[in-house]
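To start, the structure under review is shown below, and the notes come after it.
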Amino acid sequence: MSHEPDHTCGRKVGRNEIPLGHAGFDRVEITLLRVTRFFLQSFAIPQSQSWLMAFNVAEHELPKGASSEVVLELLAMIQAMRCSRRSTFHFNNPSCRGCASVLTEHERQFMTAFTAMRRGEASVAMTSALLLCEGNDANPMLERAARLIRFMDAPSEMAPALASETP
């Protein structure tokens, strides 16, 4: 079965990559993935200043009121994950339509850790986080994920809109 997206960059889909549409993410989770990719791109290519796009995407695609706080909590989760890894985190280019439509193995593990925590599946979240953190301490990443989720669920202007996006 081929699921080759239109890669305008010429990159081929990796063996362990899956189409984003098969991941089961809701709108908010897809937005958080996009924001994550822009932050990761900013780390990989500092001159891109992609962190600016991370905030822009959040401002336009997350419910109004607290997008900057959500982005900061997500960045803390990303940084906790980065500190626990020893190897390169593989992610897809958020600006390439074809690449952005596919999840790398690392992106899938990151998002599974988050979405499992969000759905109350602690053992699934821990398994994904341990794989992602390469057996190193995954607790800081999961603590940041829990903090992000608590923030998203907190009473605010944003909470009703985010809660309606949860499956």
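The values are calculated or read from the model by the stated rules, or taken from the named source; none is laboratory data. This is a predicted model, so every value here is computed, not measured. As a convention, Cβ positions derive from the backbone with ideal geometry for all residues, glycine included, and neighbour counts pool all protein chains shown. Remember, those area values only see protein heavy atoms, side chains included, never the ligands or the DNA or RNA. Shrake-Rupley method; radii C 1.70, N 1.55, O 1.52, S 1.80 Å.
Couple of notes before you dig in:
- Of all residues in segment 76-90, those satisfying the criterion of being under 18 Å from residue 137 (Cα atoms) and not basic (Lys, Arg) are 76, 77, 78, 79, 80, 81, 83, 84, 87, 88, 89.
- Test: residue in segment 15-31 that is more than 24 Å from residue 148 (Cβ to Cβ), in contact with a helix residue (DSSP H, G or I) (Cβ under 7 Å, 6 or more places away or on another chain) and either open to solvent by 60 Å² or more (accessible area, probe 1.4 Å) or at pLDDT 95 or above (or both): yes
- Residue list for segment 44-92, filter: in a helix (DSSP H, G or I) and among the polar types (S, T, N, Q): 47, 48, 56, 67, 68, 79, 84
- Selection status of residue 146, open to solvent by less than 50 Å² (accessible area, probe 1.4 Å), under 15 Å from residue 23 (Cβ atoms) and under 16 Å from the mean Cα position of the chain (by Cα): no
- Test: residue in segment 117-134 that is among the β-branched types (Val, Ile, Thr) and either touching a His at 6+ places or on another chain (Cβ under 9 Å) or at pLDDT 95 or above (or both): yes
- Residues that are in a helix (DSSP H, G or I) and among the small types (Gly, Ala, Ser) within segment 93-130 comprise 98, 100, 113, 116, 122, 123, 125, 128, 129, listed in sequence order.
- In segment 107-128, the residues that are in contact (Cβ under 8 Å) with a residue 24 or more places away in the chain, under 12 Å from residue 143 (Cα atoms) and open to solvent by less than 10 Å² (accessible area, probe 1.4 Å): 113, 114
- Extreme residue, farthest from residue 115 (Cα to Cα), among residues of segment 47-78 that are among the polar types (S, T, N, Q) and in contact (Cβ under 8 Å) with a residue 12 or more places away in the chain: 50
- Test result for residue 132, within 22 Å of residue 41 (Cβ to Cβ) and in contact with a Lys or Arg (Cβ under 8 Å, 6 or more places away or on another chain): yes
- Within this structure, residue 100 fails the test of being touching a Leu at 6+ places or on another chain (Cβ under 7 Å) and either within 23 Å of residue 22 (Cβ to Cβ) or crowded, with 19+ Cβ neighbours inside 10 Å (or both).
- Given (1) open to solvent by 60 Å² or more (accessible area, probe 1.4 Å); (2) under 22 Å from residue 118 (Cα atoms); (3) modelled with pLDDT under 95, index of the condition residue 34 fails: (3)
- Filtered residue count, segment 64-92, keeping only those that are crowded, with 20+ Cβ neighbours inside 10 Å and more than 21 Å from residue 146 (Cα to Cα): 2
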